[in-house]
Amino acid sequence: MSTRRGRIALIFLVLLLGIGVIWALYPESSVAQIPAKKLIVAVGEDLNSTDPSLAFGRTTWAVVMNYGEYLINKVPSGNLEPGLAT
């Protein structure tokens with residue numbers, strides 16, 4: 001009885017692997033159609049605010065710092081240069 005279960009499990013794993021390979025080779029066309037200026041962030045909870053001065057909470061702070069921290073860069077001379085803001 002256990003060998004039958006083993007064969008069924010092996011067939012299931014092979015099918016699952018095949019589906020994963022096919023999915024990786026043929027990505028959805030909707031992914032490529034997302035506008036370049038749209039920021040999509042998947043987090044586990046709602047954000048309190050996207051204003052850096054009002055951001056509190058671990059998730060909100062992480063999102064705000066990742067989209068706002070590198071818009072400008074401070075170089076060693078002390079000057080500010082554009083980063084992602086260009």
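The values are calculated or read from the model by the stated rules, or taken from the named source; none is laboratory data. Please read these numbers as outputs of a predicted model, since none were measured by experiment. Cβ sites come from the backbone with ideal geometry, for glycine too, and all protein chains shown count toward neighbours.
For the structure I just gave you, tell me whether LEU84 is out of contact with any helix residue (DSSP H, G or I) (no Cβ under 8 Å at 6 or more places or on another chain) and modelled with pLDDT of 75 or more.
On the way: out of contact with any helix residue (DSSP H, G or I) (no Cβ under 8 Å at 6 or more places or on another chain): yes; modelled with pLDDT of 75 or more: no.
Answer is no for this residue.
Let's see how each residue does on (1) surrounded by 10 or more Cβ atoms within 10 Å (Cβ to Cβ); (2) in contact with a His (Cβ under 8 Å, 6 or more places away or on another chain); (3) modelled with pLDDT of 80 or more:
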{"site": "THR3", "(1), (2), (3)": "no, no, yes"}
{"site": "LEU10", "(1), (2), (3)": "yes, no, yes"}
{"site": "TYR70", "(1), (2), (3)": "yes, no, no"}
{"site": "ASN73", "(1), (2), (3)": "yes, no, no"}
{"site": "GLY78", "(1), (2), (3)": "no, no, yes"}
